[in-house]
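The values are calculated or read from the model by the stated rules, or taken from the named source; none is laboratory data. These numbers come from a predicted model, not from an experiment. Neighbour counts run over all protein chains shown; Cβ positions are idealised from the backbone, glycine included.
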Ligand code: SF4
């Protein structure tokens, strides 16, 4: 797994600049957005968040007691609206039951991760995004874009295990601002250049990529 993640970060940052993630300002909106964006584009999740906000449903207290059909009709733009409505209410109920987001701030990261993972619809990637963007915890968001990029950088036959990827990243980047930016940069790079069919000739990190280096 070479080069170090700090160098990769710098090269991606130089190429794409700051991505200004996460676009939502409110911490509960960040969490709701992390559920709504699953299996859809951000613009669709954003429309759903706007509709929830317009109907005064975008707080844990309001969502937890709202009529489920009203939530469903508000978030249709995000797709899978029935399961997402159920999951949003589960998240809202969890936060209300915990005494609010601020009470959860006191929990150590491993414990908070386990609590999040116990919620319907929250897997490792979503839990990491919530920990990083809503709770300012220094965690690596490991998604398909990062796995593919790391696999190609190291010319491995398959992506390394997630814990090896996380260890490689945090060996050099362990602060929240750069972990925040790195995730956004990797997504941008994965969409624009290191896509399923990589555009290596246009790649800002080709010099340090064993896959790209071997590509004419
Ligand atoms: S050189 Fe090609 S394979 Fe390597 S990171 Fe760039 S686009 Fe991906």
The range 160-170: number of residues that are in a loop (DSSP other than H, G, I, E, B) and away from the ligand (no atom under 16 Å from the Cβ): 1
Could you tell me which of the residues 173, 150 is out of contact with any strand residue (DSSP E or B) (no Cβ under 9 Å at 6 or more places or on another chain) and away from the ligand (no atom under 16 Å from the Cβ)? 173
Identify, from the list 157, 90, the residue that is more than 22 Å from residue 184 (Cβ to Cβ), outside any helix (DSSP H, G or I) and free of Cβ contacts under 8 Å to residues at least 40 places away in the same chain. 157
Matching entry among 112, 182 (being part of a helix (DSSP H, G or I), within 15 Å of the ligand (Cβ to nearest atom) and in contact (Cβ under 8 Å) with a residue 12 or more places away in the chain): 182
Assuming residue 195 fulfils every condition listed in (1) within 14 Å of the ligand (Cβ to nearest atom); (2) in contact with a helix residue (DSSP H, G or I) (Cβ under 8 Å, 6 or more places away or on another chain); (3) closer than 23 Å to residue 14 by Cβ apart from one, which condition is it? (2)
Would you check if residue 6 is assigned to a helix (DSSP H, G or I) and either at pLDDT below 95 or buried (at least 21 other Cβ atoms within 10 Å of the Cβ) (or both)? yes
For residue 207, only one of the following conditions fails: (1) modelled with pLDDT of 95 or more; (2) within 12 Å of the ligand (Cβ to nearest atom); (3) assigned to a helix (DSSP H, G or I). What is its number? (1)
